[in-house]
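Step one of this worksheet: look at the structure below.
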Amino acid sequence: MSNKAGVINGKEAFMLNIANRLGRKEPLKSAPTNPVQGVPDHYKAIDLNEQEKIELFVHNWTALSGQVLIVQRAEAKATIAAYLTKIIGELQVTAASLWEHVELLELGIEQQLQSMNINTVPWRVMAVQDTATDLTNNEQSNPTKWSARDKLLQATERCELGIVYPDYVIANTSTLVLQAGGGQGRSVSLLPSSLFAIFPAERLVTRMGEALQGIRDTHPLNIDYPSSVNMITGPSRSADIENDLTIGVHGPGKVYAIIIV
Amino acid sequence: MTTIKTNNKDKRSLIGSGLQQRTEDALADEFLRKAVAFTTDKLKNGRLNAMADIGDWEIWRERGRAIRENTISHLDYYLTQFADNVVNNGGNVHFCSKADDAVQAFLGIAKQHNAKLVAKGKSMVSEEIHLNHHLEEHGMEAIETDLGEYILQLAKETPSHLIIPAIHKNKQQIADLFTEDAGYALPAETKALATYAKTKLRNYFLESDIGLTGCNFGVAESGSISLVSNEGNGRMVTTLPKVHVVIMGMERLVPTFDDLEVMLNLLPRSATGQKLTTYISLITGPRKLKDLDGPEELHVIILDNGRSAQLGDPIFQEVLNCIRCAACLNVCPVYRHVGGHAYGSVYSGPIGAVLTPLIQQDMKEAGQLAYASSLCGACHEACPVKIPLHDMLVHLRHRKVRAKLTSLPERFAFRMYEFTFGRVTLYKVATKSAYYLLKPLSRKGLIHRAPFPLSGWTDSRTLPMKPKQSFRDRWSELQNELKGGMKDEQ
């Protein structure tokens, strides 16, 4: 669904000035014929098979301190459950948020979290009773702007683990590509301190351009692009204090990738 | 214990204090000089590794240059396409010619939402227009959320590097600033300091009314704003507050996603030596109807502020190709010695020396920056989009001379120089007398101290003594030697 169109202020004079400076009487109406576009041909021609893409992803992701688990499709449900249990124990997770995603549903992630007594926050409109319990648990003596915000957002902010199912994964940089929209909340990969991403090997692409092309192809109308596409390459980091590398500044500091083959 | 000399002056109003003074301040700051040299080396080596990693760097660079060139020379087309797509996706666009127009546009949005707290991602343009100062005046609080920028905000200083803004602050100074802010003692340890900032800033993210960011590249074909960051503050301020405002220079575009891929390969590699930054967000409009998070409103403020004056200029148009990676800072021998504050502008290093006088249209004060260069050309070599910065610096000096903005004695000196060097007899007399004039100052062939105007050189370096016999004197002798030598060989 598209948004109502916004407004533009001050375009005509601004654009006329640019056109004039560039030696035109009025702004250019037709697309320039691009002399070059996109990445160099030799780079575009790099063609990796699935095994090579997995290896490249694992190499890059672990170099950034990310963890990887490769699971067979037939055993995916049980193996991921066991791994998730281990991680939750290590990180002492009490609350987890996850995308409302058909693949995560099939893997039974939500039920598993609930069976472990983890406060589970799936990315969907919260039921009234959830909202009610949430309020009693977190009564504030002095209300803030944040306390008046959406309860789903507030609940997600209290989670220590976020679980997502990337739309694309770029092998040569080890980058998760997450499109926001519907059950795919952008907060899930941002607010918790650890990130758990599950994806099948066929979602791996070699380079960024393939993911961008995929997004373009699946949104043929210019008005329905996802409001946000986030590319995530490893943990949040900073070198702003005396060049010392600090991991986990605002975004997740621990990142896990589970590849289903 | 050694004490390290540092400079704690309020550096917000730098342009008033003069290039000479700022340079002397920087040179006197021992920690700054060491920190700048260390960081620039680290970033430079990272860049060299990242260039080798992708291979065929010259092909990438040329591609980057060609894309920027195409974008800028058809800016009217791409900017129209970009703005239309932002609007079609539900965002609002404000075109602003002058810095003050952009400030007013922002204040208008803030007023409409009764905003009190603005959480800022990294935005060079907001510093260019001194937005924080204006927000303060209107009773609003603006919080810098990039860790380095946050440190500087507490210290009331300006960035000294485009990528690592608090390059000149040591841990103890940061601990002191955070201790004062917290009201309890914080140790000078990176982990503890980062954790304090993280907790403090988290609350600002949650409570702010407006998230403000810059834009690394706008994508014309989709109307997307791309933002790169490592800490994740850019994502926070574009996810949590109900209103997102982007302030961007009008040149900050690429035509397509394909071109974006090229620029996103060039930018992090050139800036920090990373293959990719941790986060790259492509933001297209405010949240869509089915979304459960993200800002409800998106405003894109597109600023000219002296940029369009470079369009169509055969020499300076290319400065608009800059992608703000700071690779030119890291290789500049002058920047490495004085750091960013000496440039007295939000943009420092070679790119700052070119951009600042052009944007401020000020050849007199800011124009002095063109002399803060050895013209070695390392900046051009490092630039991922091949901007000939060293040539531009020469042209800026030329402009300054043409505008008669150099000092009267300097102009007189160069007249004399022209007159003397144009006449053989005068030239001979002048070079001979120079020897006798300098002789009393020389010890073992070197001049350590000399009166004005030579003191400009000898204050910081030794000058080799002029030999008694000049090259011209020796020429006939040399010619004979040369002939003799050639005969021997035959």
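Quick notes on this structure:
- Radius, Kirkwood style, for chain A when every pair of distinct Cα atoms is counted (Å): 21.1 Å
- Computed over region A:194-261, the P(r) curve from all C-alpha pair distances, binned at 5 Å from the origin, holds 4, 12, 16, 18, 18, 15, 10, 5, 2, 0 percent per bin.
- Put in order of Cβ neighbour count within 10 Å, fewest first, the listed residues A:I70, A:I80 become A:I70, A:I80.
- For chain B, the cysteines with no partner cysteine C-beta closer than 4.7 Å are B:C96, B:C215, B:C322, B:C325, B:C332, B:C376, B:C383.
- The order of B:F419, B:F82, going from fewest to most other C-beta atoms within 10 Å of their C-beta, is B:F419, B:F82.
- For region B:72-305, fraction of C-alpha pairs farther apart than 33 Å, in %: 16 percent
- 0 to 90° range, to nearest 10: angle between helix B:408-421 axis and chain B longest Cα axis: 40 degrees
- Whole-angstrom gap from region B:171-225 to region A:1-29, using each part's C-alpha centre: 36 Å
- Shielding of A:20-33 by partner chains, average beta-carbon count, 10 Å: 5
- Trypsin sites (Lys or Arg not before Pro) restricted to region A:1-91 and DSSP loop, no more than 14 other C-beta within 10 Å: A:K4, A:K25, A:K29
- Separation in nanometres of the label points that stand 7 Å from Cα toward Cβ, at B:S470 and B:E296: 8.0 nm
- Gyration tensor (alpha-carbon) shape descriptor, region B:408-489, a/c threshold 1.5: oblate
- Debye intensity ratio I(q)/I(0), log10, region A:142-207, q values 0.23 Å⁻¹ (C-alpha model): -0.98
- Between the residues A:A211, A:I109, A:M126, the greatest Cα displacement towards the positive end of the dipole of chain A, with unit charges on the Cβ of Lys, Arg, Asp and Glu, is found for A:A211.
- Bridgeable lysines around B:K400 (alpha carbons under 25 Å apart, same-chain partners fewer than 8 residues away excluded): B:K98, B:K364, B:K386.
- Crossing angle, helix B:99-112 versus chain B [Cα axis fit, 0-90 degrees, rounded to tens]: 20 degrees
- Comparing Cα centroids, region A:137-214 and region B:60-127 end up 26 angstrom apart.
- Gap separating the Cα centres of region B:276-318 and region B:354-427, nearest whole Å: 34 Å
- Unsatisfied cross-links (Cα-Cα over 22 Å) in the set B:K42/B:K171; A:K151/B:K242; B:K116/B:K290; B:K44/B:K120: B:K116/B:K290; B:K44/B:K120
- Average silhouette area of the protein assembly as shown, convex hull of alpha-carbon atoms, in square nanometres: 41.1 nm²
- For the peptide A:191-203, the mean number of other protein chain Cβ atoms found within 10 angstrom of a residue's Cβ is 1.
- The equivalent ellipsoid of region B:216-334 has semi-axes of 27, 19, 13 Å, largest first, where each one is the square root of 5 times an eigenvalue of the Cα gyration tensor.
- Charge dipole of chain B (Cα centre as origin; +1 on each Lys and Arg Cβ, -1 on each Asp and Glu Cβ, all else neutral): 2360 debye, rounded to the nearest 20.
- Cα-centred dipole magnitude for the protein assembly as shown, charges only on beta-carbon of K, R (+1) and D, E (-1), debye, nearest 20: 3340 debye
- Size of electric dipole in region B:72-305: Cβ of Lys, Arg +1 and of Asp, Glu -1, about Cα centre, debye, nearest 20: 680 debye
- Exposure proxy ranking, count of Cβ atoms within 10 Å, fewest first, for B:L289, B:L393, B:L276: B:L289, B:L393, B:L276
None of the figures in this text is laboratory data; all of them are computed from the coordinates on show. What you see is a predicted model, and the numbers here were worked out from it, not measured in a lab. Cβ atoms come from the backbone with ideal geometry, glycine included; neighbour counts cover every protein chain shown.
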